[in-house]
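> If you scroll down you'll find the structure; I have some questions about it.
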Amino acid sequence: MRVDANVLNTCTVQAQPLAFGMVPVFNLTPLETTARVVIKCGPNIPFTVALDDGQHFAAQRRGYNAGLNAYLTYQVHSDPARTRPWGSGVGQTVSATTNATGDATLTAYGRITTALLVFPGPYTDSITVTVSF
């Protein structure tokens with residue numbers, strides 16, 4: 001009896017929203033939040049994760065309020081101290097290896113900076129997460 005199987009060489013990614021919650025109209029201290037990025041591949045697979053600049057980038061990442069035609073700037077970092085921007089440029093990607101069960105969990109560290117004066121309302125953006133393995 002012949003048995004055939006074709007195991008696909010793929011990875012999947014699930015990213016939680018980077019949700020800042022309620023932001024004061026005038027912000028005197030940085031607002032910070034985190035989001036998990038879960039990578040599922042085969043066991044012990046090295047990979048790299050890049051984040052694009054989002055849909056509303058103009059010198060920095062921005063959320064957009066379509067009703068007011070207004071923007072809210074934010075940052076995404078790969079370290080808890082928020083000193084390493086997470087992007088797609090040289091030195092901005094994150095490299096890791098899946099565990100024995102094929103999973104890896106990374107954390108995106110978000111920040112909205114201080115002295116921010118914006119219009120009230122909802123702001124959104126979308127960042128593309130690219131996994132290379």
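Laboratory data are not the source of any read-out in this text; all were calculated from the coordinates shown. All values derive from a computational prediction rather than experimental measurement. Every residue, glycine among them, receives a Cβ derived from its backbone with ideal geometry; neighbour counts consider all protein chains shown.
> With a sphere of radius 9 Å drawn around the Cβ of I127, what net charge do the other residues whose Cβ falls strictly inside it have (Lys, Arg +1; Asp, Glu -1)?
Here the charged neighbours net out to -2.
> A further question on this structure: Applying the Karplus parametrisation 6.51 cos²θ - 1.76 cosθ + 1.60 with θ = phi - 60° to the phi angles of the stretch 2-7, what ³J(HN,Hα) value in whole Hz is obtained for each residue in order, glycine and proline being reported as x?
So the J values, rounded to whole Hz, are 9, 10, 10, 8, 10, 7.
> Please work out the FRET efficiency for the pair T83 and A5, using the Cβ-Cβ distance as r and a Förster radius of 35 Å; give the result to the nearest 0.05. Mind showing how you got there, number by number?
Values: r = 46 Å, r/R0 = 1.30.
Efficiency at R0 = 35 Å is approximately 0.15.
> Please compute the length gained on full extension between A70 and L28, using 0.36 nm multiplied by the number of residues separating them and subtracting their Cα-Cα distance.
Working: separation 42, 0.36 × 42 = 15.12 nm, distance 1.96 nm.
Stretched out fully, the A70 to L28 stretch lengthens by 13.2 nm.
> How far apart, in nm, are the 7 Å Cα→Cβ label points at S95 and T130?
Going by the 7 Å Cα→Cβ label model, 1.7 nm.
> For the chain, modelled as a Gaussian network with Cα springs under 10 Å, which listed residue fluctuates most, L68, L31, L51?
Result for the chain, Cα springs under 10 Å: L68 fluctuates most.
> Moving on to the next point. So between V13 and V38, what do we pick up on full extension, going 0.36 nm a residue minus the alpha carbon distance? Please report the intermediate quantities before stating the final value.
Details: separation 25, 0.36 × 25 = 9.00 nm, distance 0.56 nm.
That works out to 8.4 nm of additional length.
> With +1 on each Lys and Arg Cβ and -1 on each Asp and Glu Cβ, how big is the dipole of the chain about its Cα centre, in debye rounded to the nearest 20?
Numbers: 8 positive and 7 negative charges, 17 e Å.
My answer is approximately 80 debye.
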